[in-house]
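The values are calculated or read from the model by the stated rules, or taken from the named source; none is laboratory data. Note that the structure is predicted; figures quoted are calculated from it, not measured. Heads up, the Cβs are rebuilt from the backbone with ideal geometry, glycines too, and the neighbour counts pull from every protein chain shown.
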Amino acid sequence: MRVTTVVAARPNFVKMAPIVRALSDRDGVDVRVVHTGQHYDTALSGSFLDQLGMPAPDENLEVGSGSHAEQTARVMIGIERSLSVHPTDALVVAGDVNSTMAAALAAAKLGVPIVHVESGLRSRDWSMPEEINRVVTDRVSDLLLCTSEDAVENLVKEGIAGPGVVLVGNTMIDSLWRLIDVARASSPLASLGLQPRAYLLVTLHRPALVDDPRSLGAVLEALDRLASELPVVFPIHPRTRARLEQLPARADHLQLLAPVTYLEFLALQASARLVVTDSGGVQEETSALGVPCLTYRTSTERPITLELGTNRLVGTDPARLLSACQEELATERQFSPAPIPLWDGHAGERAATAIHRAFGAVRRPVDAS
Ligand code: UD1
Ligand code: UDP
């Protein structure tokens, strides 16, 4: 069986690595890795491949940055060419970035079976590009692999059900459990002058927040006020960095860092007193680690982290964020890690089994004309 996996951006590597490993371990499965090049800086791409032990991609489409249409179009053209030269029995995409949807659309038009990892998540917020990417990808996918029961239910409500929908668990959490001890052993805490459970960790990169100077400025002011109570560490995504450079300095007390590596970020999350984020993956990782998390958004596509994890949705009012942080710091919420079903470190193997069962016996011709 020939399987093509597509990776593109920081969270994709974390989600796809366990599937690439589990498929490659199977006899008779030939795995090809195509990197679209959506993320290209070492800090967002190469360092992840290395730390996750992924093979070097067989091909890099080098699509780079651009508007949504530009990026989507470049990925579609690149994937169509790639699949025409390298026929495959299934194309595996993960998550909700532009490359996920673009690769799925190109494959769908070629009649190539599509596997969507992390299918069925819904924020119901159509202003998020990721929501569009999720819904479109799910609509054209043949095998929909879900991280949690609520995702399966979302698909059922959209009329997508049957043997093509499989609850496999969370491959992002497979990567976490595989590498958390390595991450702790090489923890950056000492070099950053931090004590365990005595700092706040922040990540913010959603366009709705950081592309609006007033919103970004206001949240920075709130975080800066907290920094007089305890250290606030903020590894900054390049999108956010670019916007910050256009703002007057308002964050004198924050520890602003370049994006840190996956292992460094796992270690920083594991020992944080509290995490503030608008990231999807970070809501899940903090839940698995049992570390309190405040999500600075009005919706989440990951309600399981609110129900069984450590996540609280606080909206996007900076004053509310400040008071929620102060409440958290004043009380000791106790969490026992990893109570979420199938977030057990074996989702990649279950995904590989589902892919093998679904497509192990078929061969489809590809004609791009
Ligand atoms: C993308 C995803 C988002 C995901 C995030 C993970 C879409 C629509 N968005 O957002 O869902 O949460 O990745 O981190 O797919 N840049 C660099 N170096 C890079 C890549 C990007 O400096 O290696 C800068 C460029 O200025 C670029 C900007 O970051 O314009 C945004 O990059 P892009 O990939 O378009 O979106 P992200 O904000 O990273
Ligand atoms: N991450 C990282 N370094 C950082 C910030 C995040 O390694 O400085 C990791 C984090 O542990 C998780 C993934 O990046 O595995 C989440 O990616 P991101 O927040 O960019 O995207 P999202 O999950 O929101 O799509």
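Taking the stretch 216-282 and the strands (runs of 3 or more DSSP E) fully enclosed by it, the elements with 3 or more residues that are closer than 15 Å to residue 324 by Cα are at 274-277.
When you look at residue 179, is it touching a Phe, Trp or Tyr at 6+ places or on another chain (Cβ under 9 Å) and either within 16 Å of ligand 1 (Cβ to nearest atom) or of a type in the set (A, V, I, L, M) (or both), yes or no? In short, yes. Of the residues making up the stretch 125-156, those that are crowded, with 18+ Cβ neighbours inside 10 Å and either in a loop (DSSP other than H, G, I, E, B) or at positive phi (or both) are 128, 141, 147, 148. Within the stretch 268-289, restricting attention to residues that are more than 10 Å from ligand 2 (Cβ to nearest atom) and small (Gly, Ala, Ser), the residue that is surrounded by the most Cβ atoms within 10 Å (Cβ to Cβ) is 287. You will find that of 100, 36, 4, the residue that is over 19 Å from residue 266 (Cβ atoms), among the hydroxyl-bearing types (Ser, Thr, Tyr), more than 17 Å from the chain's Cα centre (by Cα) and modelled with pLDDT of 95 or more is 4 and no other. Only residues that are among the aliphatic types (A, V, I, L, M) and more than 12 Å from ligand 2 (Cβ to nearest atom) were counted across the stretch 1-33, and they come to 11.
Quick grid of which residues meet (1) aliphatic (A, V, I, L, M); (2) surrounded by fewer than 18 Cβ atoms within 10 Å (Cβ to Cβ); (3) part of a loop (DSSP other than H, G, I, E, B):
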{"position": "291", "(1), (2), (3)": "yes, no, yes"}
{"position": "302", "(1), (2), (3)": "no, no, yes"}
{"position": "305", "(1), (2), (3)": "no, no, no"}
{"position": "319", "(1), (2), (3)": "yes, yes, no"}
{"position": "326", "(1), (2), (3)": "no, yes, no"}
{"position": "334", "(1), (2), (3)": "no, yes, yes"}
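Every residue in the stretch 84-101 that is buried (at least 24 other Cβ atoms within 10 Å of the Cβ) and more than 16 Å from ligand 2 (Cβ to nearest atom), please. Scanning the stretch 84-101 gives 88, 90, 91, 92.
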